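For reference, the structure discussed in these notes is given below.
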Amino acid sequence: ETLDASGLHLLPGAIDAHVHFREPGYTHKEDWGTGTAAAAMGGVTTVFEMPNTNPPTGTPDALALKLKAAEKAHVDFGIYGLLAEDNIDQLEALIDGGVAAFKCFMGNTFGNLPSPSTGAMLEGFEILAKHGMRCSLHAETASIMAWRQRKLAAAGRHDPLAHLASRPAVVATEAVARAAILAEWTGARIHVLHISSADELRPLREAKARGVDITGETCPHYLLFDEHAYETLGSIIRVNPPVREKHHQTALWEALSDGTIDMIATDHAPHDPAEKRRDDIWTADCGFPGVETQMQLMLTAVNEGRFTLAEYVRMSAGAPARAFGLFPRKGALTVGSDADIAFVDMRRRHVIRAAELHSRGKITPFEGMETVGLPIHTMVRGRFAMRDRRLCAETAGWGRSVRRAQAMPTPQPRNLDQTMEAVLRPPAPASARPRAVA
Ligand code: DOR
Ligand code: ZN
Ligand code: ZN
């Protein structure tokens, strides 16, 4: 059987470092079958799946349940283990059990997992550093402001910093800066999820300049929507962190092109449309599916001249592969050199329709958008998972864990005094530091 690929571009399959597939626990929102089908349809050949399921992926038993659920995957996957206050003693067992990275919820979000104290994070990072494991961060600490407000309100006092609590980007900035310092002290690798504001970029740039092994991602919705989306989309665009004002959006595009933000991920967060389509924007569930539409949206940006195809490949595949250890290294890895390929038609027009998505959460803020550039076939380790825009049902179960056979080389912990000096030094001018294209 032959394939006519004339007129198509062959790209490395996208690696989405941030998806929520909801199984076990919330399969009315998504499961591993529907989630990875959506990935295959979107030209995505590897996903990293988040631990805010039920049970949360914080113990070896919970990990076993998740690995079982993932047996029907169409595409390759890494499983995130949870780093929380009460499971620091489980981290090594999770690593032995096959997690590919860790996730730390510094702020509260879906799943209601309490955020760990700074002390627990420090202890957790020490352990992860020994194993070369990266920790991805939901970097928001609104709880600091909430705690303060509760305390001052109880004392009948006005909060002179109340204006900061109403500027959510401020709490994300604090979280990025604090996590970067803990990473610097311990030598842990970290990744900042869903960067949504200009404010977070300063601590990210500073940490990179100090040599912290820190990477960052943003998502298509932060690049394509701003505050005006609330008027037209209402609760559909409700996501955590929220889409923000135009100047934040502009800064994110700049940070992508200068390499401050390393990669594009989606925060694929499907919900049952009934739970999502609530009239009240403050109670609707946060998030929406994204893994199926990322590539076509970003290829449209390539066609618009926002960045080159080579830059897109760096952000969609090269950077995540490097950050999460998927490149072949001394023969120890299981993926990276195999045929994970998206065949794309750079001229193909397509209108996004929620009803046609393969995710169970058939709702999208991109409804009705016309895109130019579309994945036509998706190949996972040499087998078609999507062919001619159709899911290949027989690849259910072909996807496998990317967990490496061996840990990556251990980074060296850094000198504490140097760290403090670097923290106290005034910020370097935020000049663009161009990076080589992968
Ligand atoms: O919008 C969001 N949805 N943000 C998160 O941090 C969690 C996610 C979810 O799991 O629904
Ligand atoms: Zn998050
Ligand atoms: Zn998320």
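Out of the residues in the stretch 359-382 meeting the condition of being of a type in the set (Lys, Arg) and modelled with pLDDT of 95 or more, tell me which one is farthest from Gly124 (Cα to Cα).
Going through the stretch 359-382, the residues of a type in the set (Lys, Arg) turn out to be 360, 362, 381.
Of the ones still in play, those that are also modelled with pLDDT of 95 or more are 360, 362.
Numbers: Arg360: 34, Lys362: 37 Å.
For the stretch 359-382, the residue satisfying everything is Lys362.
Please work out if Asp213 is open to solvent by 20 Å² or more (accessible area, probe 1.4 Å), touching a strand residue (DSSP E or B) at 6+ places or on another chain (Cβ under 7 Å) and among the charged types (D, E, K, R).
Answer is yes for this residue.
Just the residues that are β-branched (Val, Ile, Thr) and open to solvent by 10 Å² or more (accessible area, probe 1.4 Å), please, taken from the stretch 1-40.
Hits for the stretch 1-40 are Thr2, Ile15, Thr27, Thr34.
Taking into account only those residues within the stretch 262-291 that are out of contact with any Lys or Arg (no Cβ under 9 Å at 6 or more places or on another chain) and within 16 Å of ligand 3 (Cβ to nearest atom), which is farthest from Gly35 (Cα to Cα)?
It comes out as Ile264.
Got a sec? Which strands (runs of 3 or more DSSP E) wholly within the stretch 2-58 have at least 3 residues that are within 27 Å of Ala310 (Cβ to Cβ), within 15 Å of ligand 3 (Cβ to nearest atom) and in contact with a His (Cβ under 9 Å, 6 or more places away or on another chain)?
Hits in the stretch 2-58: 14-19.
From Lys68, Lys72, which residue is touching a residue at least 24 places away in the same chain (Cβ under 8 Å) and basic (Lys, Arg)? Please lay out each step first, then the result.
On the way: Lys68 fails: touching a residue at least 24 places away in the same chain (Cβ under 8 Å).
Selected residue: Lys72, the only one of Lys68, Lys72 that is touching a residue at least 24 places away in the same chain (Cβ under 8 Å) and basic (Lys, Arg).
Quickly run through the stretch 90-128 and pick out the residues that are within 16 Å of ligand 2 (Cβ to nearest atom) and more than 19 Å from the chain's Cα centre (by Cα).
Pro114, Pro116, Met121 - these are the residues of the stretch 90-128 that are within 16 Å of ligand 2 (Cβ to nearest atom) and more than 19 Å from the chain's Cα centre (by Cα).
Among the numbered criteria (1) of a type in the set (S, T, N, Q); (2) open to solvent by less than 10 Å² (accessible area, probe 1.4 Å); (3) free of Cβ contacts under 8 Å to residues at least 40 places away in the same chain, which one does Thr218 miss?
(3)
So if I check each of Pro273, Pro328, which one is within 16 Å of ligand 1 (Cβ to nearest atom), modelled with pLDDT under 95 and either under 15 Å from Gly13 (Cβ atoms) or not hydrophobic (A, V, I, L, M, F, W, C) (or both)? Walk me through how you get there before you give the answer.
On the way: Pro328 fails: within 16 Å of ligand 1 (Cβ to nearest atom).
None of the others qualify; the one that does is Pro273.
Among residues belonging to the stretch 76-85 that are assigned to a loop (DSSP other than H, G, I, E, B) and in contact with a helix residue (DSSP H, G or I) (Cβ under 6 Å, 6 or more places away or on another chain), point out the one that is surrounded by the most Cβ atoms within 10 Å (Cβ to Cβ). It would help to see each step written out before you state the result.
Filtering the stretch 76-85 down to residues assigned to a loop (DSSP other than H, G, I, E, B) leaves 83-85.
With in contact with a helix residue (DSSP H, G or I) (Cβ under 6 Å, 6 or more places away or on another chain) added as a condition, the list becomes 83, 85.
On the way: Leu83: 29, Glu85: 15.
Ranking the qualifying residues of the stretch 76-85, first place goes to Leu83.
Looking only at residues in the stretch 129-150 that are in contact (Cβ under 8 Å) with a residue 40 or more places away in the chain and within 16 Å of ligand 2 (Cβ to nearest atom), which one is farthest from Ala198 (Cα to Cα)? If you could, list the steps in order and put the result at the bottom.
First pass over the stretch 129-150, keeping only residues in contact (Cβ under 8 Å) with a residue 40 or more places away in the chain: 129-140.
Keeping just the survivors that are within 16 Å of ligand 2 (Cβ to nearest atom) gives 134-140.
Working: Arg134: 24, Cys135: 22, Ser136: 19, Leu137: 17, His138: 16, Ala139: 14, Glu140: 14 Å.
It comes out as Arg134.
Residue by residue through the stretch 273-328, note down the ones that are without any contact (Cβ under 8 Å) to a residue 40 or more places away in the chain, part of a helix (DSSP H, G or I) and touching a Ser or Thr at 6+ places or on another chain (Cβ under 6 Å).
Those that are without any contact (Cβ under 8 Å) to a residue 40 or more places away in the chain, part of a helix (DSSP H, G or I) and touching a Ser or Thr at 6+ places or on another chain (Cβ under 6 Å): none in the stretch 273-328.
Of all the helices (runs of 4 or more DSSP H) wholly in the stretch 209-260, which have at least 2 residues that are within 26 Å of Asn108 (Cβ to Cβ) and within 16 Å of ligand 1 (Cβ to nearest atom)?
On the way: elements: 220-224, 229-233, 246-257.
Of the helices (runs of 4 or more DSSP H) lying wholly inside the stretch 209-260, those with at least 2 residues that are within 26 Å of Asn108 (Cβ to Cβ) and within 16 Å of ligand 1 (Cβ to nearest atom) span 220-224, 229-233.
Taking into account only those residues within the stretch 54-75 that are buried (at least 24 other Cβ atoms within 10 Å of the Cβ) and either within 18 Å of the chain's Cα centre (by Cα) or modelled with pLDDT under 95 (or both), which is farthest from Asp16 (Cα to Cα)?
Taking the candidates together, the pick is Thr57.
Can you tell me how many residues in the stretch 373-390 are under 24 Å from the mean Cα position of the chain (by Cα) and either closer than 26 Å to Ala269 by Cβ or open to solvent by 40 Å² or more (accessible area, probe 1.4 Å) (or both)?
Count: 7.
I'd like to know if the stretch 230-239 contains one or more residues that are within 16 Å of ligand 2 (Cβ to nearest atom) and open to solvent by 50 Å² or more (accessible area, probe 1.4 Å). Before the answer, list the steps.
Taking the stretch 230-239 as the starting set, the residues that turn out to be within 16 Å of ligand 2 (Cβ to nearest atom) are 237-239.
When the remaining residues are screened for being open to solvent by 50 Å² or more (accessible area, probe 1.4 Å), the result is 238.
Checked against the condition, which is being within 16 Å of ligand 2 (Cβ to nearest atom) and open to solvent by 50 Å² or more (accessible area, probe 1.4 Å), the stretch 230-239 yields at least one hit.
Is one or more of the residues making up the stretch 244-260 of a type outside the set (Val, Ile, Thr), within 16 Å of ligand 3 (Cβ to nearest atom), open to solvent by less than 10 Å² (accessible area, probe 1.4 Å) and in contact (Cβ under 8 Å) with a residue 40 or more places away in the chain?
So far as the stretch 244-260 goes, no, none of its residues is of a type outside the set (Val, Ile, Thr), within 16 Å of ligand 3 (Cβ to nearest atom), open to solvent by less than 10 Å² (accessible area, probe 1.4 Å) and in contact (Cβ under 8 Å) with a residue 40 or more places away in the chain.
Quick one: how many residues across the stretch 350-367 are part of a loop (DSSP other than H, G, I, E, B) and open to solvent by less than 40 Å² (accessible area, probe 1.4 Å)?
8
The values are calculated or read from the model by the stated rules, or taken from the named source; none is laboratory data. Because the structure is a prediction, the values reported are computed rather than measured. Here the Cβ is made from the backbone with ideal geometry for all residues, glycine too, and neighbour counts use every protein chain on show. We work out accessible area using only protein heavy atoms, side chains counted, and drop any ligands, DNA or RNA first. Shrake-Rupley method; radii C 1.70, N 1.55, O 1.52, S 1.80 Å.
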